[in-house]
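Following: one structure in structure tokens, then a few remarks.
The values are calculated or read from the model by the stated rules, or taken from the named source; none is laboratory data. Computed from a predicted structure; not experimentally measured. Every residue, glycine among them, receives a Cβ derived from its backbone with ideal geometry; neighbour counts consider all protein chains shown.
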Amino acid sequence: MEEVVAWLESGGYSAKVVTTESGKRHILSNSHGHPFDIFTPGCISGRCASLELVAGLIVDGKFNVSKLNEWNGKFLWCKAYYDSAIGPCLAMDIALWPGGTFEALNHQFAAWNDRHDKFVRFLE
């Protein structure tokens with residue numbers, strides 16, 4: 001997790017490890033002025049095989065869930081869903097194993113940043 005924080009900070013992104021009340025840790029970062037979380041499922045001995053990037057957006061009033069189906073039909077890599085506690089969410093999984101490189105990680109993270117920004121504008 002600390003390596004991911006260092007990688008994000010080296011790219012000019014904010015990154016901090018957050019511990020939930022249940023004791024689980026994840027990373028909080030920011031893209032285009034909008035926060036997102038990075039979860040590290042499947043870790044063994046401190047090494048993680050993937051990253052899960054998730055952004056929840058707060059919307060005022062009623063939300064038309066069919067907008068998420070429209071998004072999922074138009075855009076690759078990231079999937080949208082509705083969480084009743086958060087609202088509309090965008091998620092992307094990045095595989096780090098086997099043989100993940102920083103170049104591949106940077107490429108996939110650039111795709112996340114692009115889609116995250118488009119998602120926010122799509123829902124405005």
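General observations
- Of the set (1) at pLDDT 90 or above; (2) in contact with a helix residue (DSSP H, G or I) (Cβ under 8 Å, 6 or more places away or on another chain), all apply to Val59 but (1).
- Hey, Ile94 of a type in the set (Val, Ile, Thr) and at pLDDT below 90 or not: no
- On the stretch given as the range 33-73, residues that are under 20 Å from Glu2 (Cβ atoms) and of a type in the set (S, T, N, Q) total 3.
- Tally, over the range 100-110, of residues that are surrounded by fewer than 16 Cβ atoms within 10 Å (Cβ to Cβ) and either closer than 18 Å to Cys78 by Cα or modelled with pLDDT of 95 or more (or both): 4
- One residue from Trp97, Trp77, Trp71 being out of contact with any Gly (no Cβ under 8 Å at 6 or more places or on another chain) and either within 17 Å of Asn30 (Cα to Cα) or surrounded by 14 or more Cβ atoms within 10 Å (Cβ to Cβ) (or both): Trp71
- Total residues in the range 89-124, condition over 12 Å from the mean Cα position of the chain (by Cα) and free of Cβ contacts under 8 Å to residues at least 24 places away in the same chain: 9
- Selection from the range 70-96 of residues that are touching a strand residue (DSSP E or B) at 6+ places or on another chain (Cβ under 8 Å) and of a type in the set (S, T, N, Q): Asn72
- Checking each residue of the range 90-97 against the condition of being part of a loop (DSSP other than H, G, I, E, B) and under 20 Å from Phe119 (Cα atoms) gives no match.
- Listed here are the strands (runs of 3 or more DSSP E) enclosed by the range 1-88 that have at least 2 residues being hydrophobic (A, V, I, L, M, F, W, C) and either free of Cβ contacts under 8 Å to residues at least 40 places away in the same chain or closer than 18 Å to Phe102 by Cα (or both): 15-19, 25-31, 34-39, 50-56.
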